[in-house]
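Student: Sharing a structure here in structure tokens format.
Bear in mind that the values in this text are calculations on the coordinates, not laboratory data. From a predicted model like this one, the values you see are computed outputs, not experimental measurements. Every residue, glycine among them, receives a Cβ derived from its backbone with ideal geometry; neighbour counts consider all protein chains shown.
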Amino acid sequence: MKLDVNVLRYLSKDDFRVLTAVEMGMRNHEIVPCELIDRIARLKHGGTYKVLKNLLKHKLVHHDSSKYDGFRLTYLGYDFLAIKTLVNRGIFNGVGRQIGVGKESDIFEVVKEDGTVLAMKLHRLGRVSFRAVKAKRDYLRHRSSYNWLYLSRLAALKEFAFMKALEEHGFPVPQAVDCNRHCVIMSLVPGYPLVQVRELQNPDVVFETIIAAVIRLAEHGLIHCDFNEFNIMIDDDEKVTIIDFPQMVSVSHPNAQMYFDRDVECIYKFFAKRYNMSFEENENDSDGLEVEIDEVGRPQFSEINKNSGFLDKELAASGFTRKDQDELEKLIEGELEKQSDSDDEGTADEEDEEGINNTNVKQLESLDLSKEDVNHRAGDDKHDDNHQVGDEHDPEEEEEEEAESEDDPELEKSLSKQRRKAIQAAHRGKRNFASRNTYKDKGGKSSQNSKVHRQLSSW
């Protein structure tokens with residue numbers, strides 16, 4: 001969405017008040033109801049719906065009536081709220097041209113009252129080109145649900161915190177000026193991205209400077225995680241400046257070594273491809289086979305001394321506090337303990353499973369024995385009942401029947417049903433169906449005929 005700052009001139013205080021009300025309502029609503037916006041804004045003479053109509057015309061809010069009538073804030077409306085706040089603080093008073101665009105942000109020039117040009121970075125997470133934010137960034141931490149505007153705010157706060165800390169420790173980064181919502185104000189770097197530079201006067205010096213910056217970051221407890229030619233600025237004097245910090249992680253991260261090796265590999269590949277620099281010597285032996293690549297000259301994560309500083313723990317800026325860092329460390333320690341516990345419990349689980357299996361086998365054997373006892377008793381009872389009824393069987397025939405029943409379980413079931421029916425019939429006897437018929441015929445033709453017969457007999 002294109003940022004048209006001219007609309008700011010025509011927005012009144014009521015417009016910004018309603019925009020702020022929509023922003024406050026989105027803390028616990030995906031679509032903020034109109035009634036809630038009206039209650040939060042509390043305009044003196046009403047007119048909230050008229051203001052919402054004006055904001056909708058300028059695409060500062062989005063209307064949604066699928067489930068209920070409500071509005072949500074757009075990125076353009078979020079931009080206006082951040083710009084208005086920074087202008088009121090006196091950080092800048094004019095917005096210029098767009099100087100950069102990426103998968104996660106847009107960069108504009110802004111001007112102060114004294115004519116100093118600064119850079120304004122607006123984070124815009126949720127674009128179609130990069131929506132795997134939850135898997136590739138740690139903005140959410142322990143949260144399960146998220147909003148793109150909220151994620152952009154977290155990314156801006158985290159980048160401002162890292163930039164401020166790195167600047168204080170003498171790293172070649174832009175100067176952090178201010179931050180509000182998803183907007184970060186920094187000094188403008190006079191240079192070009194390294195990916196746009198075709199030739200260098202001293203590529204070896206630039207390469208050593210960049211690799212030294214990667215190693216120094218690791219020594220201070222941080223890893224860039226996106227250190228490539230797109231995030232390195234270089235000026236006419238070949239001075240290097242590092243940009244883009246939201247994705248930085250600590251050296252205590254479980255995947256720290258992988259991120260470090262990836263950053264180093266990106267720099268080596270780019271300089272070898274663009275500036276034809278050779279870092280590895282391939283020698284041929286007598287048989288004409290290539291010897292393995294020697295990577296001794298590359299920096300190794302395990303060999304870096306990480307005692308120069310602890311910026312990952314010292315960062316206490318808003319949005320990325322020391323408390324959050326402690327929670328992250330506790331989470332990492334808990335995962336490691338779970339892994340060690342799972343390894344220790346492996347053998348114990350096997351022993352427990354063996355014990356459980358043995359007890360289950362014993363229980364099953366006892367159940368089988370009990371079933372045999374029950375069947376034997378039931379057979380004895382049925383045999384006694386059959387003798388009471390008067391059914392006499394030969395012992396040889398009974399043994400043959402028992403053998404057949406043991407071989408065929410279905411036959412055993414059918415025989416047991418027949419025996420039960422015979423026993424019930426012997427004990428209860430036959431039912432008198434005539435009484436039931438007479439009860440059903442009560443008040444019918446038969447009862448009327450009986451009455452007539454009684455009258456005639458009385459005459």
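Student: Over 29 Å between Cα atoms, which of Lys103/Lys306; Lys50/Lys112; Lys239/Lys269 qualify?
Tutor: Lys103/Lys306; Lys50/Lys112
Student: Highest mean first, how do 108-116, 34-42 rank when packing is the count of other Cβ atoms within 10 Å averaged over residues?
Tutor: For the peptides 108-116, 34-42, the packing ranking is 34-42, 108-116.
Student: Checking the a/c ratio against 1.5 first, then a/b against b/c, what shape does the Cα gyration tensor give for the stretch 1-71?
Tutor: Oblate, since a/c reaches 1.5 and b/c is not below a/b.
Student: May I ask you to order 3-16, 148-161 by the average number of other C-beta atoms within 10 Å around their residues, highest value first?
Tutor: 148-161, 3-16
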